[in-house]
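Presented below is the structure to which this report refers.
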Amino acid sequence: MILTTDRLVLRPFRFSDAAAIIAYATAPDFIRFLPIPLANPERAADFVAQRVREGQPDGLGDWHFVVQCRGGGAPVGAVRLGLRDEENRQGDVGYVLHPAARGQGLATEAVRGLLDFGFRLLDLERIWASADVDNRASWRVMERVGMRREGVSRHTMRVDGVWRDSVLYAVLAGDAAARALPKVGRLADGAAEDRGAEEEESSVRIVG
Ligand SMILES: CC(C)(COP(=O)(O)OP(=O)(O)OC[C@H]1O[C@@H](n2cnc3c(N)ncnc32)[C@H](O)[C@@H]1OP(=O)(O)O)[C@@H](O)C(=O)NCCC(=O)NCCS
């Protein structure tokens with residue numbers, strides 16, 4: 001699945017993305033608020049290879065996308081929409097940007113696209129996200145895209161041996177914020193977005 005927003009293309013991982021992913025995944029600030037060990041280049045490359053092998057959605061129900069600027073260039077980050085509870089049509093989002101790509105609203109734009117994909121094309125009822133209470137950059141993204149803070153969950157993860165609390169945000173399909181999301185475009189799988197082919201569709205259905 002290839003999605004497009006004003007400035008971005010959200011596309012499946014390719015093996016050739018490894019260098020760009022390694023660039024941010026091995027930087028200490030990436031995991032500052034996350035309960036995962038700092039990746040080394042090998043582990044980051046394995047992550048990319050697994051994404052390529054498993055496709056979308058993967059075995060856990062996650063749709064992983066590389067975020068790239070329209071017109072090409074190295075990937076600037078990655079986003080994920082998880083469908084772990086299909087029966088109740090719940091989804092959750094995660095996102096990361098390369099440090100050099102921050103401060104331009106690209107995460108906000110990518111997540112808006114992902115939310116529209118989740119609501120309009122996957123027919124989800126609720127999409128949530130959570131972040132460490134001190135990960136202000138992350139929960140500011142949630143607020144900018146129109147998610148509402150539902151509360152603070154205590155001791156959700158242990159970072160460097162210390163229990164941390166998380167803020168929980170969500171948006172419902174019927175919320176005004178969800179209905180006001182810009183319509184994400186979709187390119188046919190295998191389309192050459194690198195060549196600038198952009199056939200936007202506003203009311204597509206997922207096939208297969
Ligand atoms: C979370 C993360 C993706 C946020 O990145 P970000 O660059 O702050 O987020 P955005 O791309 O939405 O950019 C927002 C910033 O760009 C500015 N901006 C500039 N142009 C903008 C535009 N057109 N639209 C929206 N914001 C814009 C905003 O004012 C904002 O800056 P501010 O925070 O100083 O007010 C980033 O900090 C990150 O990758 N962190 C590490 C991984 C992580 O923690 N992920 C979340 C796990 S829960």
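Only residues that are more than 6 Å from the ligand (Cβ to nearest atom) and either within 10 Å of the chain's Cα centre (by Cα) or part of a helix (DSSP H, G or I) (or both): list them for the stretch 95-106, please. Spell out how you get there, then give the answer.
Taking the stretch 95-106 first, the residues more than 6 Å from the ligand (Cβ to nearest atom) are 98-101.
Residues satisfying the conditions are Pro99, Ala100, Ala101.
Given the stretch 126-194, what strands (runs of 3 or more DSSP E) lie entirely inside it while holding 1 or more residues that are of a type outside the set (D, E, K, R) and more than 19 Å from Leu106 (Cβ to Cβ)? So that I can check it myself, show each step before the final result.
Details: elements: 126-132, 148-159, 162-172, 185-187.
Ranges flagged: 126-132, 148-159, 162-172.
Checking the condition closer than 22 Å to Pro99 by Cβ, of a type in the set (Val, Ile, Thr) and in contact with a Pro (Cβ under 8 Å, 6 or more places away or on another chain), which residue from Ile2, Ile31, Ile36 passes?
Details: Ile2 fails: closer than 22 Å to Pro99 by Cβ; Ile36 fails: in contact with a Pro (Cβ under 8 Å, 6 or more places away or on another chain).
From the options Ile2, Ile31, Ile36, the qualifying one is Ile31.
Find all pairs meeting these conditions: Cβ atoms under 6 angstrom apart; at least six residues apart or on different chains; first residue within the stretch 14-37 and within 8 Å of the ligand (Cβ to nearest atom); second residue among the charged types (D, E, K, R) and modelled with pLDDT of 85 or more.
Hits for this filter: Phe33/Asp132.
Looking at this structure, is Asp123 away from the ligand (no atom under 12 Å from the Cβ) and not hydrophobic (A, V, I, L, M, F, W, C)? If you could, list the steps in order and put the result at the bottom.
Numbers: away from the ligand (no atom under 12 Å from the Cβ): yes; not hydrophobic (A, V, I, L, M, F, W, C): yes.
Judged against the criteria, Asp123 is a match.
Any residue at all in the stretch 91-101 that's within 22 Å of Tyr169 (Cα to Cα) and among the hydroxyl-bearing types (Ser, Thr, Tyr)?
Of all residues in the stretch 91-101, those within 22 Å of Tyr169 (Cα to Cα) come to 91-97.
With the extra rule that they be among the hydroxyl-bearing types (Ser, Thr, Tyr), the set shrinks to 95.
Yes: the stretch 91-101 contains one or more residues that are within 22 Å of Tyr169 (Cα to Cα) and among the hydroxyl-bearing types (Ser, Thr, Tyr).
The values are calculated or read from the model by the stated rules, or taken from the named source; none is laboratory data. Computed from a predicted model, the values in this text were never measured in an experiment. A quick note on method: Cβ atoms are made from the backbone with ideal geometry, for glycine too, and the neighbour counts reach across all protein chains shown.
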